[in-house]
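*Asks:* One structure is given below, represented as structure tokens, and several questions about it will come after.
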Amino acid sequence: MSTIEIDTDGQVVPTDDSPVQIDPAMIADIRKFERSLAGYLSGEIDEDVFKVFRLANGVYGQRQGGHDQMIRIKAPYGAITPDQLDALADISETYSRGWGHLTTRQNVQFHFVDLERVPDLLWDLAKVGLTTREACSDTVRNVMGCHLAGACPHEVLDIQPWADATFWHFLRNPISQRLPRKFKINFSGCATDCGQAMFNDVGVIAVNHTRPDGTVEAGFRVFVAGGLGANPHPALALEDFTTREELLPTIEACVRVFEQTGNRDNKLRARMKWVVDELGFDELQRRVLVSRKFLMASSSWPGGVPAQVIERGDAPAGRGRGEVTPLGQGQPVFLSGTTPQQRWTESNVVRGVAKGTVSALAWSRLGDVTATQFRGIASISRHFDAEVRITNRQNFVLRGLSEEQLPTLYEQLSVIDMAQAGAELSRDVVACPGADTCNLAVTQSRGLASAIGEALEAAGLAEVEGVRTNISGCTNSCGQHHIADIGFFGVERRAHGRSAPGYQMLLGGHVGDEKIEFGAKALRLPAKAAAEAVVRVVGRYATERSLGETFTHWLTRAGGPKAVAEGLADLDEFPEPDVKPDFYTDYDETGPYEKSLGESECAV
């Protein structure tokens with residue numbers, strides 16, 4: 001299959017004879033995939049066995065069936081290098097559709113990859129240090145982290161080396177290969193929780209702790225058993241304070257307890273949140289702390305401060321003397337500039353780090369990135385010697401910039417169409433891939449996201465600050481609809497004897513300050529009326545709010561989700577099919593709507 005040659009030192013020898021060093025573990029992974037794929041294609045390996053294997057290697061079937069596959073690539077805490085961005089550009093053109101997709105969990109996905117070509121794609125990733133291993137399936141998934149970690153004026157600790165250490169500790173770790181269900185870990189450097197730790201199986205937030213002698217110690221507060229999906233659960237504090245030396249043992253203890261207690265008979269009730277429902281939080285807490293206490297006896301004991309932290313340090317970036325940008329969901333963004341560049345600077349630039357650098361967001365519409373944009377971000381990163389991170393709102397952030405570089409950066413982002421003022425503005429709509437490729441989606445969430453963006457632009461409301469809209473094509477919340485100010489998940493509707501695409505609208509989701517509020521149901525809508533509903537809600541908020549008032553505060557003052565929904569009730573009407581046939585056709589579709597579900601691979 002692959003034409004890659006490996007020399008005796010474990011180096012890849014490409015056609016130009018310039019050696020490329022590859023992690024031996026990656027070589028072993030890909031060689032095993034090649035053998036297993038050959039066995040599957042020849043009929044020696046059963047379909048169900050190969051499915052579990054390929055999912056554990058980040059290869060996910062699409063609703064189109066056949067050999068079309070989605071490839072999910074892990075970027076721990078969103079970190080991505082220029083060489084890796086260039087490789088992703090090449091991969092998008094060679095194996096996919098010329099573009100890739102940034103996910104809400106800081107992964108990169110490519111669709112419509114032919115199964116037989118997956119090994120060659122894996123080699124191309126390995127040459128730049130990227131892997132798909134355990135990006136899907138019942139494993140410890142990509143370890144997430146705040147995209148501004150190490151460049152944030154509010155952080156208590158730089159969580160980057162901690163997230164990196166956690167990623168490598170669990171990658172290929174025997175205890176996390178066949179868990180009862182997937183396991184998600186997330187890091188935030190402060191209580192602002194830009195990393196969104198509060199709805200993960202394990203969420204870690206850096207905090208300060210006052211010792212009995214009055215001195216202050218930096219460490220962590222660990223939250224467990226959070227989750228979204230059809231039944232969202234808030235994460236719960238495991239203990240008041242976890243020391244730096246005990247953090248990795250605590251996380252491993254959580255994974256071990258989940259491996260022992262998760263429901264292996266019913267995948268729909270197998271996540272950590274269901275363990276709490278089954279055992280109670282006190283019992284879960286007791287088991288985790290007991291496991292941690294005796295973990296020293298394990299050969300995998302990760303006690304002490306990890307080598308990555310010792311080598312790189314975890315001191316916070318600190319605040320500068322000048323302006324400090326407010327961060328977190330709902331923080332006001334005051335736009336006063338009259339030019340696009342001024343408005344981009346006001347919304348997309350973060351200031352306040354003591355070492356004098358600034359960070360700037362490159363806006364990615366719907367999280368889609370073309371080959372030209374991948375290469376453009378790589379070139380910009382090299383030109384400015386800037387770090388790049390993928391955000392959980394499907395954008396890129398460039399860090400380590402100076403004020404003097406911002407005008408040139410804006411010009412270069414404009415060339416690749418990534419310079420719109422989008423950060424924390426209403427046009428920054430998040431959506432999962434939806435029925436375009438996903439087996440579980442019942443609606444075209446991407447199509448609705450695009451329609452909402454267009455409607456807001458037309459209404460002059462695309463730059464209303466502090467309003468997040470998130471969309472999922474089903475109840476599973478890959479688009480994280482539960483934690484947005486305005487959320488939607490796809491549903492099938494019935495009207496006039498016909499099936500039609502629809503959405504459940506939620507209002508008031510919020511994450512921050514070590515708390516989480518899930519959006520409350522407002523009303524159901526036809527898919528083709530959902531964009532107008534957003535325009536009305538955003539327009540009302542923009543008109544009625546006081547200076548600096550958050551969406552959450554305004555929503556409460558307006559009477560809550562149900563009261564706001566009363567003003568949208570006229571939109572929940574389906575016209576006769578012959579009057580408006582488009583109400584019975586989903587976005588980006590040409591034929592009549594039909595709820596079509598493929599076999600779920602999420603629960604394999």
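The values are calculated or read from the model by the stated rules, or taken from the named source; none is laboratory data. Since the model is a prediction, treat every value here as computed from it, not as a measurement. Every residue, glycine as well, gets a Cβ built from its backbone with ideal geometry; the counts of neighbours run over all protein chains shown.
One line per residue, one yes/no per condition, for (1) crowded, with 21+ Cβ neighbours inside 10 Å; (2) within 20 Å of G129 (Cβ to Cβ); (3) modelled with pLDDT under 95; (4) touching an Asp or Glu at 6+ places or on another chain (Cβ under 6 Å):
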| position | (1), (2), (3), (4) |
| --- | --- |
| R35 | no, no, no, no |
| F53 | no, no, no, no |
| Q64 | no, no, yes, no |
| I80 | yes, yes, no, no |
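*Asks:* Hey, can you tell me all the residues within segment 344-375 that are hydroxyl-bearing (S, T, Y) and in a strand (DSSP E or B)?
*Replies:* The answer is S359, T370.
*Asks:* What number of residues within segment 539-580 satisfy the criterion of being touching a strand residue (DSSP E or B) at 6+ places or on another chain (Cβ under 9 Å) and without any contact (Cβ under 8 Å) to a residue 12 or more places away in the chain?
*Replies:* Residues meeting the conditions: 2.
*Asks:* OK, next. Test each condition in (1) in contact (Cβ under 8 Å) with a residue 60 or more places away in the chain; (2) more than 28 Å from the chain's Cα centre (by Cα) for K355 and report the one that comes out false.
*Replies:* Of the numbered conditions (1) in contact (Cβ under 8 Å) with a residue 60 or more places away in the chain; (2) more than 28 Å from the chain's Cα centre (by Cα), the odd one out for K355 is (1).
*Asks:* Name every residue in segment 449-481 that is within 20 Å of V564 (Cβ to Cβ), assigned to a helix (DSSP H, G or I) and out of contact with any Ser or Thr (no Cβ under 9 Å at 6 or more places or on another chain), in order of residue number.
*Replies:* Of everything in segment 449-481, just one residue is within 20 Å of V564 (Cβ to Cβ), assigned to a helix (DSSP H, G or I) and out of contact with any Ser or Thr (no Cβ under 9 Å at 6 or more places or on another chain), namely A455.
*Asks:* Hey, any hits in segment 253-260 for a residue that's acidic (D, E) and touching a Pro at 6+ places or on another chain (Cβ under 9 Å)?
*Replies:* For segment 253-260, residues acidic (D, E) and touching a Pro at 6+ places or on another chain (Cβ under 9 Å): present.
*Asks:* Mind checking which strands (runs of 3 or more DSSP E) fall wholly inside segment 499-604 and carry at least 1 residues that are surrounded by fewer than 19 Cβ atoms within 10 Å (Cβ to Cβ)?
*Replies:* Filter on segment 499-604 gives 515-517, 520-526.
*Asks:* Also, I was wondering about something else. Count, please, the residues in segment 184-203 that happen to be part of a strand (DSSP E or B) and either β-branched (V, I, T) or surrounded by fewer than 24 Cβ atoms within 10 Å (Cβ to Cβ) (or both).
*Replies:* Result for segment 184-203: 2.
*Asks:* Can I ask one more? Can you confirm whether T250 is among the polar types (S, T, N, Q), in the same structural domain as V216 (by TED's automatic domain parsing) and surrounded by fewer than 22 Cβ atoms within 10 Å (Cβ to Cβ)?
*Replies:* So T250 does not fit the description; no.
*Asks:* While we're looking at this one, here's another question. Taking V430, is it closer than 30 Å to G337 by Cα and under 18 Å from the mean Cα position of the chain (by Cα)?
*Replies:* yes
Table: residues versus (1) among the aromatic types (F, W, Y); (2) at positive phi; (3) touching a Phe, Trp or Tyr at 6+ places or on another chain (Cβ under 9 Å); (4) surrounded by fewer than 23 Cβ atoms within 10 Å (Cβ to Cβ).
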position	(1), (2), (3), (4)
A149	no, no, yes, no
W168	yes, no, no, yes
S176	no, no, yes, yes
I205	no, no, yes, no
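*Asks:* Sort through A421, A378, A435 and tell me the only one that's in the same structural domain as L456 (by TED's automatic domain parsing), surrounded by 21 or more Cβ atoms within 10 Å (Cβ to Cβ) and either outside any strand (DSSP E or B) or of a type in the set (D, E, K, R) (or both).
*Replies:* Within the list A421, A378, A435, the selection yields A435.
*Asks:* Could I ask something else about it? Kindly indicate whether A149 is hydrophobic (A, V, I, L, M, F, W, C) and in the same structural domain as T261 (by TED's automatic domain parsing).
*Replies:* No.
*Asks:* What's the number of the only condition in (1) within 28 Å of S96 (Cβ to Cβ); (2) crowded, with 19+ Cβ neighbours inside 10 Å that I416 fails to meet?
*Replies:* Only one criterion is unmet by I416, namely (2).
*Asks:* Would you point out which residue out of K528, K515, K521 is out of contact with any Lys or Arg (no Cβ under 6 Å at 6 or more places or on another chain) and closer than 30 Å to E346 by Cα?
*Replies:* When all the criteria are applied, what remains is K515.
*Asks:* Based on what the data block shows, is G559 modelled with pLDDT of 95 or more and more than 27 Å from the chain's Cα centre (by Cα)?
*Replies:* When the stated conditions are applied, G559 passes them.
*Asks:* Do you know which of the residues in segment 286-309 that are in contact (Cβ under 8 Å) with a residue 60 or more places away in the chain and not hydroxyl-bearing (S, T, Y) is surrounded by the most Cβ atoms within 10 Å (Cβ to Cβ)?
*Replies:* Per the criteria, the residue is V288.
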